[in-house]
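Each reported figure results from applying straightforward, stated rules to the coordinates on display, with no laboratory input. All values derive from a computational prediction rather than experimental measurement. Note that each Cβ is placed from the backbone with ideal geometry, even for glycine, and that neighbours are counted across all protein chains shown.
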Amino acid sequence: MRKLTELAPEDSSTDDVVTLAYEDRQKSRVLLNTDSGAKIGVFLPRGQVLRKGMILTGVDHYRVLVNSAAESLSIVRTEDALQFARACYHLGNRHIALQILPNELRFLTDHVLDKMLTGLGLNVLHEVLPFEPEQGAYHGHGH
């Protein structure tokens with residue numbers, strides 16, 4: 001098993017890829033298998049969230065590219081700025097991970113939240129896509 005303890009520059013070459021769901025990308029201490037089947041142990045500072053494109057490495061300089069797995073997502077699209085703001089407010093008030101794109105919101109499928117958004121007059125679709133939520137306001141600031 002290779003022990004990966006730090007992030008390498010993203011422009012580095014890589015030896016392997018690990019494709020992870022959002023839940024697994026939040027873990028700072030975890031044993032995993034890469035896409036090719038190699039066993040790796042990730043040991044990063046607590047609070048580090050892995051994002052697509054990051055490269056993990058260790059003392060042996062073995063480099064593993066992080067990829068985001070496709071997950072079941074609820075998707076809301078609207079060009080109405082007020083509806084968009086209301087959806088962001090209500091979802092943010094529930095402290096859920098939220099991916100914000102132009103005129104589009106994505107979150108891990110939750111039928112209770114889907115119903116709430118439908119009640120706000122929005123149409124909720126479901127797709128299986130990689131999930132890259134917004135980074136929290138306090139990540140990387142020592143809080």
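Before moving on, here are some points about what is shown:
- Degrees between helix 81-92 axis and first principal axis of the chain (Cα, 0 to 90, nearest 10): 60 degrees
- Simple Cβ-charge dipole of the chain, Lys/Arg +1 and Asp/Glu -1, about Cα centre, in debye nearest 20: 480 debye
- Those lysines that a straight Cα-Cα span of less than 27 Å connects to Lys52, excepting residues fewer than 8 apart in one chain: Lys3, Lys27, Lys39
- When the square roots of the Cα gyration tensor eigenvalues are ordered a ≥ b ≥ c, the ratio a/c for the chain is 1.5 or more and a/b exceeds b/c, which makes its shape prolate.
- Sequence-ordered 3J(HN,Hα) estimates for region 43-56 from the Karplus curve with 6.51, -1.76 and 1.60 and θ = phi - 60° stand at 9, 10, x, 4, x, 6, 9, 6, 10, 3, x, 5, 10, 8 Hz, glycine and proline given as x.
- Cα Rg, Dmax (largest Cα-Cα span) when computed across region 2-68, Å: 10.3, 27
- Enclosing the Cα atoms of region 39-103 in their convex hull gives a volume equal to 128 cubic angstrom per residue.
- Close amide-amide hydrogen proximity is noted between Ala21 and Ala69, each under 5 Å apart and 5 or more residues distant or on a separate chain (H modeled in the peptide plane; Pro and chain starts excluded).
- Counting beta carbons within 10 Å around each of Val18, Val64 and listing the fewest first gives the order Val18, Val64.
- Here is how the number arises for the chain: DSSP H runs of 4 or more residues each give -39500 (n - 2.57), the sum is divided by the residue count, and the result at 222 nm is -5000 deg cm²/dmol.
- Rg ratio (alpha-carbon, reference 2.2 N^0.38 Å) - region 70-130: 0.98
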